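This report concerns only the one structure given below.
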2 protein chains.
Amino acid sequence: MTVRHSGGGQPERTLALLWRNQREQVRRTAGRRPSLDVDGVVRAGIQLADDRGLDAASMGGVAKALGVGTMTLYTYVPSKEELLDLMVDQVLAERQLPGPGEPRPTDWREQVEVYSDQTRAMYERHPWLARVSTVRPPVGPGMLAGREYLLSTLLPLDLSPRDTNTASLAITTYVDSAAGLLAENDLVERATGQSNEAWWYDRNDLWETYFDVERHPAMTAIWNANGYQDTVREAATDAYRYGLDRLLDGIEAQAKTL
Amino acid sequence: MTVRHSGGGQPERTLALLWRNQREQVRRTAGRRPSLDVDGVVRAGIQLADDRGLDAASMGGVAKALGVGTMTLYTYVPSKEELLDLMVDQVLAERQLPGPGEPRPTDWREQVEVYSDQTRAMYERHPWLARVSTVRPPVGPGMLAGREYLLSTLLPLDLSPRDTNTASLAITTYVDSAAGLLAENDLVERATGQSNEAWWYDRNDLWETYFDVERHPAMTAIWNANGYQDTVREAATDAYRYGLDRLLDGIEAQAKTL
DNA sequence: GGCTATTCCCGTATACCCTACGAAAATAGC
DNA sequence: GCTATTTTCGTAGGGTATACGGGAATAGCC
């Protein structure tokens, strides 16, 4: 199954849910007293997705975890789609990113590092995030806080406003997807109970039967020179660091020429 | 639904399917004559996913498109999972990347550009690709050809074998995810019939009711300086180019210092 | 205490999804 | 024509989301 996002629905309702903790609640008057609240439903969804994968966070699954009927959830959340939006913004907001005026490293690269570390840790805690589309994301407090922080780290570079925005988009794209990949790697190992190395070993036939050395000289050369890391995890971690560092190098160098 | 990948199954069977066109077929002997072939099933799946989204490429949907019963597909493909693997490797192989010895640009950056352009075009044609996990991908001819080409573009830099591999992983991560994002953006516009601008317009309440200028000074500054591009598409395209160029800048600079 | 309007709870039903199983149909070679 | 083999696919079982509507609980008012 694919995980899509933020359809049409009623944008006002969704926004009200996303920002539910920013404004105070209206006092209740008549009617049966609710047995749950939105936060509880969202927490249960996150918990389930963390523990047993995104598929476990079905409406039925979440309802069972909360000890209510499936349809009861629809009192709190318009659809599974918005529940997912709420789960996403919730975990985005978990990142501990300094707000405006709060203490932070002086070097801009170290500030970006904070974003990178926090985002990686978030994906590590919630690997199902990598499975959720980020186009038309839930524009809640969590997402806005992340964007705000990353933009603010780039201000010292004195790029034009437009370039600052462009650079920040490039960085989020890289960090979010690479961090998601790392987390997914770990998740798959846990979920299947099979290490990545065992997975490759199972595909020994590839090299023995199908791989054509003539057609793949560069791969062969790297292999012969022992250029492949010992583990998939190691390779992915190295690539993450290397790519982020080179990207920031490039941004820094270009900023200096202006 | 999430889109997962390459489970346990029987790796040999999956490999044989992925590389089915590299080795010739065994002659058939007795038994009822098949009405379809694997290529046809894969093509139908791709067609359906292209036209009506990944969800339309269900086993039932593909079978109906081919005019057979749903269960008939299981003669050709062990499960939906492997069908997806086959679809993915098929479209990966569609990229026109020069093989070893074939003509290519002289500058290494232009060579990487070819990879970037071909990959972007691939995602444009098959936006559902962005929805499919790339951990434990189908190791078929298409994937291997892509990896081989990208590695070969980096050889002129004379990095160590390990660094070459690391750099190539960083580039694929960036290119594939950023290209996927671009394509997904277009897809969502087509699928929902709502432009990204209209989507944001629907969320006007965000700025009017919830957005706190005090908490988001950097965003506010960029907004006031007119730093946000006119369209989401423009911003994403700019970010793609900018990020790739800066990443390659960084790689080039580092290669020179060695 | 009883009425009423309001709100919440959730069983049922519909419409999808994947796929295990097994019976029927078609074919090649003897 | 018989047999071994292969393909076809209906049925059934267990999953998913959610529309609908009836019943249950509550606050405020008389």
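Counting only residues that are closer than 18 Å to A:A236 by Cα and within 7 Å of another protein chain (Cβ to nearest Cβ), which one in the range A:177-192 is surrounded by the most Cβ atoms within 10 Å (Cβ to Cβ)? Show your work before the answer.
Going through the range A:177-192, the residues closer than 18 Å to A:A236 by Cα turn out to be A:177-190.
Still in the running and within 7 Å of another protein chain (Cβ to nearest Cβ): A:177-178, A:181, A:184-185, A:188.
Values: A:S177: 21, A:A178: 26, A:L181: 21, A:E184: 24, A:N185: 21, A:V188: 23.
Per the stated criteria, the residue is A:A178.
Which one is farthest from DNA strand D (Cβ to nearest atom), of the residues in the range A:51-69 that are surrounded by fewer than 15 Cβ atoms within 10 Å (Cβ to Cβ) and over 25 Å from A:E124 (Cα atoms)?
Out of the qualifying residues, it is A:G67.
In the range B:14-50, which residues are basic (K, R), exposed (fewer than 12 other Cβ atoms within 10 Å of the Cβ) and closer than 22 Å to A:R203 by Cα? Break it down into steps so the answer makes sense when it comes.
As a first pass, look at the range B:14-50 and keep what is basic (K, R): B:20, B:23, B:27-28, B:32-33, B:43.
Remaining after also requiring exposed (fewer than 12 other Cβ atoms within 10 Å of the Cβ): B:23, B:27-28, B:32-33.
Answer for the range B:14-50, where residues must be basic (K, R), exposed (fewer than 12 other Cβ atoms within 10 Å of the Cβ) and closer than 22 Å to A:R203 by Cα: just B:R23.
Can we say A:T75 is within 16 Å of DNA strand C (Cβ to nearest atom) and in contact with a Pro (Cβ under 8 Å, 6 or more places away or on another chain)? Break it down into steps so the answer makes sense when it comes.
Details: within 16 Å of DNA strand C (Cβ to nearest atom): yes; in contact with a Pro (Cβ under 8 Å, 6 or more places away or on another chain): yes.
For A:T75, the condition - within 16 Å of DNA strand C (Cβ to nearest atom) and in contact with a Pro (Cβ under 8 Å, 6 or more places away or on another chain) - is met.
Which of (1) surrounded by 21 or more Cβ atoms within 10 Å (Cβ to Cβ); (2) within 13 Å of chain A (Cβ to nearest Cβ); (3) out of contact with any Leu (no Cβ under 9 Å at 6 or more places or on another chain) is the odd one out, the single condition B:H126 does not satisfy?
Going through the list (1) surrounded by 21 or more Cβ atoms within 10 Å (Cβ to Cβ); (2) within 13 Å of chain A (Cβ to nearest Cβ); (3) out of contact with any Leu (no Cβ under 9 Å at 6 or more places or on another chain), B:H126 breaks only (2).
Being away from every other protein chain (no Cβ under 14 Å), under 28 Å from A:A145 (Cα atoms) and away from DNA strand C (no atom under 16 Å from the Cβ) narrows it down to one residue among A:Q47, A:Q111; which is it?
Values: A:Q111 fails: away from every other protein chain (no Cβ under 14 Å).
Just one listed residue meets the conditions, A:Q47.
Only one residue in A:R241, A:R215 is charged (D, E, K, R) and facing chain B (nearest Cβ under 7 Å). Which one?
Details: A:R241 fails: facing chain B (nearest Cβ under 7 Å).
Checking each option against the conditions leaves just A:R215.
Taking the range B:1-24, which residues are modelled with pLDDT under 85, within 24 Å of the chain's Cα centre (by Cα) and among the basic types (K, R)?
Listed by number, the list holds a single entry, B:R4.
Could you please give the count of residues in the range A:152-163 that are surrounded by fewer than 23 Cβ atoms within 10 Å (Cβ to Cβ), facing chain B (nearest Cβ under 7 Å) and either of a type in the set (A, V, I, L, M) or in contact (Cβ under 8 Å) with a residue 12 or more places away in the chain (or both)?
So the answer is 1.
If you go through the range A:221-230 one residue at a time, do you hit one that is of a type in the set (A, V, I, L, M, F, W, C), more than 7 Å from every other protein chain (Cβ to nearest Cβ) and touching a residue at least 40 places away in the same chain (Cβ under 8 Å)?
No, there is no match, as no residue in the range A:221-230 is of a type in the set (A, V, I, L, M, F, W, C), more than 7 Å from every other protein chain (Cβ to nearest Cβ) and touching a residue at least 40 places away in the same chain (Cβ under 8 Å).
Considering only residues that are without any contact (Cβ under 8 Å) to a residue 40 or more places away in the chain and either more than 7 Å from every other protein chain (Cβ to nearest Cβ) or not aliphatic (A, V, I, L, M) (or both), which ones fall in the range B:164-176? Lay out the reasoning, then the answer.
Kept after step one, since they are without any contact (Cβ under 8 Å) to a residue 40 or more places away in the chain, are these residues of the range B:164-176: B:164-166, B:168-169, B:172-173.
Correct list: B:T164, B:N165, B:T166, B:S168, B:T172, B:T173.
What is the residue count in the range B:50-68 for residues that are without any contact (Cβ under 8 Å) to a residue 24 or more places away in the chain, over 20 Å from B:E189 (Cβ atoms) and near DNA strand C (Cβ under 9 Å from one of its atoms)? Show your work before the answer.
Taking the range B:50-68 as the starting set, the residues that turn out to be without any contact (Cβ under 8 Å) to a residue 24 or more places away in the chain are B:51-52, B:56, B:58, B:60-65, B:67.
Checking which are over 20 Å from B:E189 (Cβ atoms) leaves us with B:58, B:60-65, B:67.
The next check asks that each one be near DNA strand C (Cβ under 9 Å from one of its atoms); those that pass are B:58, B:60-64.
The qualifying residues number 6.
In the range A:212-244, what residues are loosely packed, with under 15 Cβ neighbours inside 10 Å and under 27 Å from A:L187 (Cβ atoms)?
If the condition is that a residue be loosely packed, with under 15 Cβ neighbours inside 10 Å and under 27 Å from A:L187 (Cβ atoms), then A:D230, A:T231, A:E234, A:R241 are the ones that fit.
Please indicate, with yes or no, whether at least one residue in the range A:25-44 is within 20 Å of A:P141 (Cβ to Cβ), near DNA strand D (Cβ under 8 Å from one of its atoms) and either at pLDDT below 95 or within 14 Å of another protein chain (Cβ to nearest Cβ) (or both).
No, the range A:25-44 has no match at all.
Go through (1) facing chain B (nearest Cβ under 8 Å); (2) β-branched (V, I, T); (3) without any contact (Cβ under 8 Å) to a residue 40 or more places away in the chain and name the single condition A:V135 misses.
Unmet for A:V135, out of (1) facing chain B (nearest Cβ under 8 Å); (2) β-branched (V, I, T); (3) without any contact (Cβ under 8 Å) to a residue 40 or more places away in the chain: (3).
Grab the helices (runs of 4 or more DSSP H) fully contained in the range B:132-251, keeping just those with 2 or more residues being under 28 Å from A:L157 (Cα atoms). Full working, then the answer.
Working: elements: B:141-154, B:161-192, B:196-202, B:217-224.
Because the criterion is at least 2 residues that are under 28 Å from A:L157 (Cα atoms), the helices (runs of 4 or more DSSP H) in the range B:132-251 that meet it are B:161-192, B:217-224.
What residue, among those in the range A:54-111 that are acidic (D, E) and outside any loop (DSSP other than H, G, I, E, B), is farthest from the chain's Cα centre (by Cα)? Write out each step before concluding.
Residues of the range A:54-111 acidic (D, E): A:55, A:81-82, A:85, A:89, A:94, A:102, A:107, A:110.
Next, from what is left, pick out any that are outside any loop (DSSP other than H, G, I, E, B): A:55, A:81-82, A:85, A:89, A:94, A:110.
Numbers: A:D55: 17, A:E81: 17, A:E82: 17, A:D85: 12, A:D89: 10, A:E94: 11, A:E110: 20 Å.
The qualifying residue farthest from the chain's Cα centre (by Cα) is A:E110.
The values are calculated or read from the model by the stated rules, or taken from the named source; none is laboratory data. Treat the numbers as computed from the prediction; the structure is a model and nothing was measured. Methodologically, a virtual Cβ is constructed for each residue, glycine included, from the backbone with ideal geometry; neighbour enumeration extends over all protein chains shown.
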